[in-house]
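The structure appears right after this line, and notes come after that.
The values are calculated or read from the model by the stated rules, or taken from the named source; none is laboratory data. Small disclaimer: the values here were computed from a predicted structure and weren't measured. Note: ideal-geometry Cβ built from the backbone for every residue, glycine included; neighbour counts use all protein chains shown.
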């Protein structure tokens with residue numbers, strides 16, 4: 001059984017991007033992972049105010065609005081951003097030809 005981690009995800013809106021080719025909203029994900037959605041949601045409920053303050057401080061110099069918090073997997077976050085018009089930036093890392101380092 002594979003455990004798929006969940007992340008606290010924050011939907012940010014940037015009004016200065018309105019009427020530009022760049023989507024004016026997007027999901028970012030907190031760096032801490034949770035083993036399941038229920039644990040993530042419990043942490044979010046307990047820490048939402050602190051996360052709100054931390055995100056606001058991070059974007060202090062940029063006009064923004066925090067629209068929503070959710071718990072999502074990385075794949076769900078990427079899909080949510082795709083639906084907002086973002087192009088995927090993550091690329092598969094090529095596998096090395098040999099798993100043993102050459103000396």
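What the table shows:
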read-out	value
Any hit, region 3-16, residues being in contact with a helix residue (DSSP H, G or I) (Cβ under 7 Å, 6 or more places away or on another chain) and without any contact (Cβ under 8 Å) to a residue 24 or more places away in the chain	no
Residue 94 in contact with a helix residue (DSSP H, G or I) (Cβ under 8 Å, 6 or more places away or on another chain), farther than 24 Å from residue 6 by Cα and modelled with pLDDT under 95	no
Residue that is surrounded by the fewest Cβ atoms within 10 Å (Cβ to Cβ), among those in region 19-40 that are over 15 Å from the mean Cα position of the chain (by Cα) and more than 13 Å from residue 84 (Cα to Cα)	19
Matching residues in region 30-71 - criterion: being at pLDDT 95 or above, touching a helix residue (DSSP H, G or I) at 6+ places or on another chain (Cβ under 7 Å) and over 22 Å from residue 15 (Cβ atoms)	34, 71
